[in-house]
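To start, the structure under review is shown below, and the notes come after it.
Just so it is clear, none of the values below were taken in a lab; they were calculated from the coordinates. Remember, it's a predicted structure, so these values are computed and weren't measured experimentally. Backbone-built Cβ (ideal geometry, glycine too); neighbour counts: all protein chains shown.
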Amino acid sequence: MTTVRPALARRAVVAAATLGMLAAGGAVPASAQTRPLQPIALAVSLRLATADTVASAKWGTPSPIDDPAREAQVLGAVATQAADEGLSVPRVQQIFRDQIEANKAVQRALFSWWSVAPGAAPTVRPDLTEVRPVIDRQNTDILLQLREQEDLLAGPGCVPALVDAAVAVAAEQRLDALHQATLARALVSICGAVRE
């Protein structure tokens, strides 16, 4: 069982609630040209979208949702890329731990749904070896955005800019409630200095 730090859990709930309220309230975010964090929110959303395919690949098999070996590979790869880019390895690893946890939250929710609604369960099992390169590309995109937006990410305007970007991405991608909430979870540690 994963232990979540209370402060982190509160931030995730607040972020999810804020994202949900803004999206549900029909608030119109600023134009795309004034959303510098939209590319990172989109990259995170596209990475999160792979969770559905991963869940379909694992459903009905002995493959568990938690895959510590694969998670260690991902964290090791992003640590190497972060070091190459001069980014803080611990910060980048935390950001990607959040990506992994959000992805697993989608998988768990889908497994729960399919357990009670077997007719909704996938009938085709995707090949995980085809999904992993997509995840790796999104990881690289996220790292690129962390580097390109480092000044904004470290500044006081990051949280409102990120919420605005996330609302815009949720609307453009037509995310359901599950994917909106997990997007907020995946974005929870994005704001903050990324350089050592």
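All other residues whose Cβ lies under 14 angstrom from that of ASN103 are scored, Lys and Arg at +1 and Asp and Glu at -1, for a net of +1.
In a reduced charge model with +1 at each Lys and Arg Cβ and -1 at each Asp and Glu Cβ, the range 87-164 shows a dipole moment near 360 debye about its Cα centre.
Using a simple spin-label model with pseudo-atoms 7 Å out from Cα toward Cβ, ARG195 and VAL116 lie 4.9 nm apart. First obtain the Kirkwood hydrodynamic radius of the range 78-159 from its Cα pairs, then insert it into the Stokes-Einstein equation at 37 °C and 0.692 mPa s, and state the resulting D in µm² per second as a whole number. Value of D from the Cα-based Kirkwood radius: 217 µm²/s.
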